[in-house]
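A quick write-up on the structure given underneath.
Throughout, read-outs are computed from the coordinates displayed, never taken from laboratory work. The model shown is predicted, which means the values in this text are computed figures rather than measured ones. Positions of Cβ are backbone-derived with ideal geometry, glycine not excepted, and every protein chain shown enters the neighbour counts.
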Amino acid sequence: MPQQGLAFRQVHLDFHTSPDIDGIGSEFDKAQFQAALKEGHVNSVTLFAKCHHGWSYFDSEKTPRHPNLNFDLLKAQIEACKEIGVRTPIYISAGLDDVKADEHPEWREVTTEGKYGGWSTSPLEAGFKMMCFRTPYLDLLVEQVEEVARAFPDCHGIFLDIIHQWECCCPWCMRWMEERGLDASVEADRQTCARDALEQYYKRLTAACRCENPDMPVFHNSGHVQRGQRQLLDHFSHLELESLPTGGWGYDHFPLSAKHVQTLGIDFLGMTGKFHTTWGEFGGYKHPNALRYECGAMLAYGAKCSIGDQLPPTGKADRSTYRLIGEAFKEVEAKEPWCEGVVSVADIGLLSSRACTGEWHTWIKGEDADYGAVRLLLDAGFLFDVLDLEADFSKYRMLILPDECVISRELEAKLRAYLDEGGKLLFTGSSGLRNTFQIFDCGATIEGWSEMRPDFVLPTKDLRPDWIDSPFVMYGQCQRMRMEDGTSLGAVFDPYFNRTYQHYCSHQHTPAKTQPSGFVCGSAKGGVMHLAHTVFTQYRAVGASALKDYVAAAIRSHLGAPIAEASLPSTGRFTVFHQPKENRWAMHLLYAPTVLRGSQLDIGGGTTDGKGRETEIIEDFVPLRDITVRTSLPVSKAILQPQGIELPVKDGQFIVPEFEGHQIIELS
């Protein structure tokens, strides 16, 4: 089967089913299943071969079938889908397996404290059990996957889940390190062991998926291929960006991931959920407008769409869920022609601080700077992509290196070449420095981190918010910058003193002194600008409007006129894509107000930790009217799609009279 492009309207159909539930699949009915998928406008559904509990749902010799399932459910589901033209990727749990963990506890990950690692660390704790890929479990997993690949060679891909390998001290990992002269008490050596085990997993499991069909699409779900780890892409046919906004990811997570993947040249989809909270929630339903917005956002960031569902143990599809999904997918179906084969259009390349660290764990240095930078650029309405070190910098008029980017010699050479070709660089915080040595001349000397926190800034008149004339507080760290021959961006004001038990003032911090400190908040010279503070990490932390307006004004002053801009509120979102095949552009406008609901109450029952939590919710669509769009793209025609309504264009400007949720504008 030759590999096809990803389907736009996918459902990821979870089926992690306890052995203590009877009647598994007893109410599965082909016609009812097909009717649900049709009502949901679904054209691809990921079906289960093996779940986290460790059970199979087909006739397997390698994986025990669920004890209360008496027929080949997977085969029946695939046949039902084939009749109505719905694709069927197959899911296999890889990193979690309760059946094998109970049979072979020695195959589980072990922490440095001698406890079991992963999701469930105690015999008295409810939850799935993490397996170590260094143990014989990997051999068994290869056999399980090969069996599926040979049994279903015409399926539309294999989805392998929970691909993590943490620092493990099981007997196999300890022996591996000892044989290679590594010291298990040293963190770096444990990471070497873990990284090697993960590399072996990728090589063997990708080959297992393609043992019968060399074109089999393969995806390894590990919460994303991290920025700066392109070498792993050889094992993927595509990417699926799991990002359930109400499941703990929030609405900032997907844009960061998608804007990076846009630059990798690989097909990808976004994955949200129909749940009010997250995976495993039975009877939880997200408001239809939330799903409509989330699917619109996937399209607006260049992705195909996937919605997570969970099949009830009886195998009967929940029709309320597919009516809900259908509300979103019928709109996606109408918009697909303007979302295929797209290439991002952007002024700015945001060089990921995370990618510059050179490290490999999922949660490490640089994430807060990246998240804060993406959120600020979105809120300020800039067109940008997120880059790793291998990206083509020449596409962008300006590069931003947020807060703590480590500049290697190789990156320095690449940035100098970019600067020599007329590109512009913006550094913040310690980016662009080696200790206090300035790699790029911004027209000021940098003397190291300030000891005063917080401090205050008063940007120059053209950079400060028009509603502030006094120094405003900056909580983030600040480099001491003294002007030389550059252009000052404004003054730093120190507090009278740092808050300690010995001296403090009022409820929080000490106020600013009346006279500036003699240091500046930023400097620009030629193509280089440097802001003294870790502004993006600070925006991630506190989200102050004054901070956003100041940083956005600095970016605009350095960048010049943008390719395109739209008069959206700060919570609106704006992207532009080129469709080379159609010789046109697709502009996306997004807007939906979020509200924070829920609290940290002990509710017991079904949640993972027995507690509620604050969650961003989308429920209402509020129409936006008379949105002015300006662009320097060579266009003479603007058409609202899929409505087919043409808008008057004059000198690259037009007005969108009204939209709600998500609107595409075809430009040609």
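Farthest toward the positive end of the dipole of the chain, out of LEU291, GLY644, VAL142, is the Cα of GLY644, where the dipole comes from beta carbon charges about the Cα centre.
How about region 162-216: which trypsin sites (Lys or Arg not before Pro) there lie in a loop by DSSP and see at most 13 other Cβ atoms within 10 Å? Loop-located and lightly packed - ARG180. With r defined as the distance between the Cβ atoms of GLU179 and GLU113 and R0 fixed at 30 Å, what FRET efficiency is calculated, to the nearest 0.05? In this case the efficiency is close to 0.80. Here the spin labels are modelled as points 7 Å beyond Cα on the Cα-Cβ line, and at CYS211 and CYS505 they lie 7.2 nm apart. Here the gap between GLU451 and LEU233, fully extended at 0.36 nm per residue and compared with their Cα-Cα distance, gives a gain of 74.2 nm. Relative to the dominant Cα principal axis of the chain, helix 187-209 is inclined by about 50°. Ordering THR112, CYS209, THR192 by the projection of their Cα atoms onto the charge dipole of region 9-340, which places +1 on the Cβ of Lys and Arg and -1 on the Cβ of Asp and Glu, puts CYS209 at the extreme positive end. Considering only DSSP beta bridges with both partners in the chain, what is the antiparallel share in %, to the nearest 5? Within the chain, antiparallel bridges account for around 60 percent of the total. When only the Cβ of Lys, Arg, Asp and Glu is charged (+1, +1, -1, -1), the dipole of region 565-667 relative to its Cα centre reaches about 320 debye. For ASP189 and ILE21, the difference between the fully extended length at 0.36 nm per residue and the C-alpha to C-alpha distance is 56.1 nm. Between the labelled values (i) 82, 71, 56; (ii) 79, 67, 49; (iii) 80, 78, 58, the entry that holds Cα extents along the principal axes in Å as derived from this structure is (ii). Computed over neighbours whose Cβ is under 14 Å from that of GLY543, the net charge equals -2, Lys and Arg +1, Asp and Glu -1. Extension gain for the segment LYS581 to LYS650, taken as residue separation times 0.36 nm less the Cα-Cα distance, is 22.3 nm to one decimal. Cross-link partners for LYS461 among the lysines, with Cα-Cα distance under 24 Å and sequence neighbours closer than 8 places in the same chain left out: LYS424, LYS513, LYS525, LYS548. The calculated FRET efficiency for ARG323 paired with ARG482, based on their beta-carbon distance and R0 = 60 Å, is about 0.40.
Projecting the Cα atoms of ALA417, THR460, TRP449 onto the dipole axis of region 415-465, where Lys and Arg carry +1 and Asp and Glu carry -1 at the beta carbon, places THR460 farthest toward the positive end.
Under the rule a/c < 1.5 gives rounded, and otherwise a/b versus b/c splits prolate from oblate, where does region 314-410 land using the Cα gyration tensor? The shape class here is prolate. The H on the amide N of SER222, modeled in the peptide plane, is under 5 Å from the matching H of ILE163, each at least 5 residues off or on a different chain. Between GLU336 and GLU83, how high is the FRET efficiency from 1/(1 + (r/R0)^6) when r is the Cβ-Cβ distance and R₀ = 25 Å? Nearest 0.05. Plugging the Cβ-Cβ distance into 1/(1 + (r/R0)^6) gives 0.65. Averaging the sequence gap over all C-alpha pairs within less than 8 Å and six or more residues apart, then dividing by the number of residues, gives region 274-418 a relative contact order of 22 percent. Using Cβ point charges alone (K and R +1, D and E -1), the dipole size of region 183-236 about the Cα centre works out to roughly 160 debye.
Sketch the reach of a paramagnetic label on ASP252 as a point 7 Å from Cα along Cα-to-Cβ, and name the residues of region 477-509 whose backbone nitrogen lies under 18 Å away. Only 477 fall inside the zone, counting backbone N under 18 Å.
Using C-alpha pairs below 8 Å separated by at least 6 residues, the relative contact order for region 127-192 is 29 percent. If only the Cβ of Lys and Arg carry +1 and only the Cβ of Asp and Glu carry -1, the dipole of the chain around its Cα centre is close to 1320 debye.
Normalising the average separation of contacting C-alpha pairs (under 8 angstrom, six or more residues apart) by the number of residues puts the relative contact order of the chain at 11 percent. Applying a DSSP loop filter and a limit of 15 other Cβ atoms within 10 Å to the chymotrypsin sites (Phe, Trp or Tyr not before Pro) in region 105-172 leaves nothing. Among the listed pairs LYS304/LYS581; LYS304/LYS650; LYS62/LYS100; LYS100/LYS129; LYS581/LYS637, those with a Cα-Cα distance over 21 Å are LYS304/LYS650.
What are the chymotrypsin sites (Phe, Trp or Tyr not before Pro) within region 236-313 that DSSP puts in a loop, where the Cβ has at most 12 other Cβ atoms within 10 Å? The qualifying sites are PHE282.
Of all lysines in the structure, those lying under 17 Å Cα to Cα from LYS316, and not within fewer than 8 positions of it along the same chain, are LYS30, LYS38, LYS75, LYS274.
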